[in-house]
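Following: one structure in structure tokens, then a few remarks.
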């Protein structure tokens with residue numbers, strides 16, 4: 001299972017913004033995505049981690065459907 005940022009309709013966004021105001025801090029909305037992560041050999045994992053560091057992002061290898 002992966003959790004990217006959720007796409008929200010205006011009413012849901014408004015509800016979250018109200019909660020942020022009530023809490024006094026930001027709230028991040030995530031959506032679930034069915035995905036099976038791939039197990040990578042050490043050399044491929046290092047490639048992925050090196051690119052993560054270069055791009056300053058999180059990368060996840062997944063099994064193809």
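Among the residues making up segment 22-39, a single one is touching a residue at least 24 places away in the same chain (Cβ under 8 Å) and either assigned to a helix (DSSP H, G or I) or surrounded by fewer than 10 Cβ atoms within 10 Å (Cβ to Cβ) (or both): 34. Listed by first and then second residue, the pairs with beta-carbon distance under 7 Å, at least 6 apart or on different chains, first residue in segment 40-65 and outside the structural domain of residue 4 (by TED's automatic domain parsing) and surrounded by 10 or more Cβ atoms within 10 Å (Cβ to Cβ), second part of a helix (DSSP H, G or I) and modelled with pLDDT of 95 or more, are 40/48; 59/48; 59/51; 59/52; 61/48.
The values are calculated or read from the model by the stated rules, or taken from the named source; none is laboratory data. Predicted, not measured: the structure shown is a model, and the values here were computed from it. Using ideal geometry, Cβ is built from the backbone for each residue, glycine included, and neighbour counts are taken over all protein chains shown.
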